[in-house]
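*Asks:* Following this message is one structure expressed as structure tokens.
Quick note: the coordinates plus some simple rules give every number you see, no bench work behind them. These numbers were taken from a predicted model, which means no experiment stands behind them. Ideal geometry is used to build each Cβ from the backbone, glycine not excepted, and the neighbour counts take in all protein chains shown.
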Amino acid sequence: MNPINHVAIIMDGNGRWGIKHKKSRNLGHRAGLNTVERIIKSTIKKKIKHLTLYAFSTENWKRPQNEIKFLFKLLDSFIDQKINEFNKNNIKLKIIGNINVFNKKLKKKLLKSEKLTKNNNRLQVNLALNYGSKSELINAFKILNKNKLIINIKNIEKNLYTSNIPDPDILIRTGSTNRLSNFLLWQLAYSEIFFEKKLWPDFKEGDYNKIIKKFRKTKRNYGNI
Ligand code: FPP
């Protein structure tokens, strides 16, 4: 059976869920947050050590201001409400992405949360915020160039936001869209990808279990036979 160290998720479909339920896109995001909590609990139960969640991409700034504002308010209150519980449950929070452009208060809160939970080791939740794989790679190449380091796999990986994080074994994308949307393009080179029809707020533990079961049976060749 294949071991699982890392599951990454593109949590797509919140907006459509809100509209489908005759509510707003923003209420879809709020419903999506309930799924986040469910999936974190379930990942702990499965004894998987890393969960990476795509919460805000470098391209999401194109969205209407009211939606962006709502997403950041949701993030802010999620941290306020959950960080102590994370810590109590031995969960480590790590942010991947460029948070330097966030307002000072939120940036400070995120850094403080990372610091508070840095020694926890039951589950590491990697929250992708203002994350874009292409800018992550450019950033790594720039560091190598500046320090006159050779371009090889080891040096590139050392300078990605995900250094010290194993590559995802599994990528799940909900919301019946089959694309990667600038998410972990380097790290997903050999991941098994599962496109799920359900919208993120409708994604339940049973759906997660089915994917895990299917993955366990997959033969991973890594270019071999
Ligand atoms: C994609 O769905 C989802 C996002 C861009 C945001 C994801 C955010 C959450 C799940 C809630 C906040 C999470 C945290 C951890 C604070 P979409 O809006 O693109 O959906 P659509 O394809 O139906 O429009």
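*Asks:* Which aspartates and glutamates, on any chain, are close to LYS197 with Cα under 13 Å apart, when same-chain ones fewer than 8 places away are left out?
*Replies:* Cross-link targets: ASP12, ASP207.
*Asks:* Evaluate E = 1/(1 + (r/R0)^6) for SER163 and ASN221, where r is the Cβ-Cβ distance and R0 equals 30 Å; express this FRET efficiency to the nearest 0.05.
*Replies:* Numbers: r = 26 Å, r/R0 = 0.86.
Here the calculated transfer efficiency is 0.70.
*Asks:* Which shape class, rounded, prolate or oblate, goes with the stretch 4-103 when its Cα gyration tensor gives a ≥ b ≥ c as root eigenvalues, a/c under 1.5 marks rounded, and past that a/b bigger than b/c marks prolate? Present the calculation step by step, with values, prior to reporting the outcome.
*Replies:* On the way: a/c = 1.74, a/b = 1.41, b/c = 1.24.
It comes out prolate by the Cα gyration axes.
*Asks:* Something else now. Can you tell me the FRET efficiency between ASN103 and LEU185 if r is taken as the Cβ-Cβ distance and R0 is 41 Å, rounded to the nearest 0.05? Intermediate values should be presented prior to the final figure.
*Replies:* Details: r = 28 Å, r/R0 = 0.69.
Between ASN103 and LEU185 the formula returns 0.90.
*Asks:* Mind scanning LYS94/LYS158; LYS46/LYS107; LYS82/LYS213 and naming the pairs with a C-alpha gap bigger than 27 Å?
*Replies:* LYS46/LYS107; LYS82/LYS213
*Asks:* At 7 Å along Cα-to-Cβ for each site, give me the label-to-label distance between LYS41 and ARG63 in nm.
*Replies:* Output for this residue pair reads 2.5 nm.
*Asks:* Here's a follow-up. Starting from the 7 Å offset along Cα-to-Cβ, what nm value, one decimal, do you get for the label separation of LYS23 and LEU74?
*Replies:* About 1.0 nm separates the two model spin labels.
*Asks:* Please work out whether the stretch 88-213 counts as rounded, prolate or oblate from its C-alpha gyration tensor, where a ≥ b ≥ c are the square roots of the eigenvalues and a/c under 1.5 means rounded, while otherwise a/b larger than b/c means prolate and anything else oblate? List each step's numbers first, then the result.
*Replies:* Working: a/c = 1.77, a/b = 1.27, b/c = 1.39.
Cα axes put the stretch 88-213 in the oblate bin.
*Asks:* Using only alpha carbon pairs under 8 Å that are at least six residues apart, calculate the relative contact order of the chain and give it in whole percent. Can you show the working numbers first?
*Replies:* On the way: 338 pairs, mean separation 65.1, N = 225.
In percent, rounded to a whole number, it is 29.
*Asks:* Additional query: Please work out the Cα center distance from the stretch 148-187 to the stretch 73-131, rounded to the nearest Å.
*Replies:* 20
*Asks:* Here's another thing I want to ask about it. Which semi-axis lengths, in whole Å and largest first, follow from the square roots of five times the eigenvalues of the Cα gyration tensor of the chain? Intermediate values should be presented prior to the final figure.
*Replies:* Details: eigenvalues 128, 107, 68 Å².
Whole-Å semi-axes of the equivalent ellipsoid: 25, 23, 18.
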